[in-house]
Amino acid sequence: MNKAIFLLVSVSISMFAEDGASIYAQNCQNCHGDDGKKAALNKAAPIAGWDKAKTIEALNGYKDGSRNTTGLGKIMTPKVKTLTDEQISAVSEYIATLK
């Protein structure tokens, strides 16, 4: 019975775990491209391969309004405002895989 409960809990956690690729597709892909190599609005540097910590710092800066790199704060802030810390972590981890 313990194995069944463990399996059920593991599956439930997996179902609710944030998927960085999906978050990226919904929130980032239009401006940064499929692979993160596009200069968003021809202003921002490509984000492909940014390490997780750098991306988390940038997204949290946009989220709290303290970051406005290349004047894109007005676009980025609403995109990240509703993301949870878990979602920011997941999408940041995904971006680090883009090479």
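Every read-out reported here was derived from the displayed coordinates using simple, explicitly stated rules and does not represent laboratory data. As the structure is a prediction and not an experimental result, all values here were calculated from the model. We place every Cβ from the backbone using ideal geometry, glycine too, and count neighbours over all the protein chains shown.
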Estimated inter-spin distance, ALA25 and GLU86, nm [label 7 Å along Cα→Cβ]: 2.0
Dipole of the stretch 19-97 [Lys/Arg +1, Asp/Glu -1 at C-beta], most positive-end residue of LEU83, PRO46, GLY20: PRO46
Share of pairwise Cα separations in the stretch 19-97, more than 19 Å, in percent: 23
Computed magnitude of the charge dipole of the stretch 19-97 (debye, nearest 20; Cβ of K, R +1, Cβ of D, E -1): 420
Reachable lysines from LYS63, criterion Cα separation under 27 angstrom, eight or more residues apart if same chain: LYS37, LYS38, LYS43, LYS52, LYS54, LYS74, LYS79, LYS81, LYS99
